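In what follows, a single structure is set out as structure tokens and then discussed.
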Amino acid sequence: ARIGHRVLLVDVDLRKPSMHRLLGANNDRGMSSILSGSATLSDVVQRPEDGGLWFIPCGPLPPNPAELLSGARVQGFLDESRRRFDIVVIDGPPTLGFADAPAMAANVAGTVFVIEANGTRRGQARGALARLRMGRARILGAVLTKFNAKSSAYGAYDYAYDYAYGADSNADRKADV
């Protein structure tokens, strides 16, 4: 947004939304309103700051989020968003425990998997990745949050970071987080 792109940020965590508080935005209507058919994109989009950033909050909590996120209105919303904005970033719900994230991930161009350092166990991450892959998600990569290299258990050793590029770069590797 700072370099001139029209960016839409969308909160689709329809169970425990928080982005509206971080941005100081109104959460009376939002993504749940669009998916239930009670509002349009124009009705709910907000501009929390000057520049090219727009935001859609979650809106009222629906009784069945997975049903809304797997419905036909999702694709209509995505199509309209792509026409109106250069970049659409969707902040989704946690992957484990619910069908919400895999349902949403199947509809978008790519998924970035976010892992909390010291908060996500290896088995949980592998299970979440497996659920996303089973749901036809195109996983672009991962982001490790809340990592503190200075307090990590590796002491004075140098830190090595592993990365790979390309569609098949991790096809033969298991997730090791």
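What the table below lists for this structure:
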{"item": "From phi via Karplus (6.51, -1.76, 1.60), per-residue ³J(HN,Hα) for region 69-82 in Hz, x at Gly/Pro", "result": "6, 9, x, 5, 5, 4, 5, x, 4, 5, 4, 5, 4, 5"}
{"item": "Separation between Cα centres of region 1-48 and region 86-142, rounded to whole Å", "result": "20"}
{"item": "Long-range HN-HN contacts of C58 with modeled amide H, under 5 Å", "result": "D11, H20, M31"}
{"item": "Amide H within-cut-off set for F113, under 5 Å, with H built and near neighbours excluded", "result": "L140, G141, A142, V143"}
{"item": "Unit Cα scatterers, Debye sum, region 1-63: log10 I(q)/I(0) for q = 0.19 Å⁻¹", "result": "-0.64"}
{"item": "In Å, descending, principal axis extents of the Cα set of region 41-85", "result": "34, 23, 14"}
{"item": "Region 1-109 - Kirkwood radius from inverse mean 1/r over Cα pairs (Å)", "result": "13.8"}
{"item": "Relative contact order of region 42-103, defined on C-alpha pairs under 8 angstrom at six or more residues apart (%)", "result": "25"}
{"item": "Sequence ranges 116-124, 102-110, ranked by mean other-Cβ count within 10 angstrom, highest first", "result": "102-110, 116-124"}
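A short reminder: the numbers here are calculations on the coordinates, not readings from a lab. None of the values given here were measured: they were computed from a predicted structure. A quick note on method: Cβ atoms are made from the backbone with ideal geometry, for glycine too, and the neighbour counts reach across all protein chains shown.
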